[in-house]
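S.K.: Before I ask anything, let me first share the structure, which is written out below as structure tokens.
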Amino acid sequence: MNTHMNPLGFLRYERSSAPKQAINERITHFHEFESLHPLPILYQQAERCMSCGTPFCMSGCPLGN
């Protein structure tokens, strides 16, 4: 676990969306088509959180996280 969170990570790191399967692959099944980033990138993306205290951050984060 990354215990050294950068409080200004939202300024340092660009948003990175999860990798997705190609369309021709995902139309052949009903499984998830998004993959997870490796842990270092997940930690980096977690640093983008501003910890603003808004309880509805999943739908209204100003950074689009």
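The numbers here are math on the coordinates, done by the rules we state, and not lab data. Bear in mind that the values here come from a model prediction, so they are computed numbers and not experimental data. With ideal geometry, Cβ positions are generated from the backbone for all residues, glycine too; neighbour counts draw on all protein chains shown.
S.K.: For GLU47 and ASN24, compute 0.36 nm times the residue count separating them, minus their Cα-Cα distance, and round to one decimal in nm.
M.R.: Once the chain is fully extended between GLU47 and ASN24, it gains 4.9 nm.
S.K.: All other residues with a Cβ under 10 Å from the Cβ of GLN21 taken together, and with Lys, Arg as +1 and Asp, Glu as -1, what is their net charge?
M.R.: -1
S.K.: With the crude spin-label approximation of a point 7 Å out along Cα→Cβ, what separation in nm comes out for LEU36 versus TYR13?
M.R.: Taking the two extended label points, one gets 1.5 nm.
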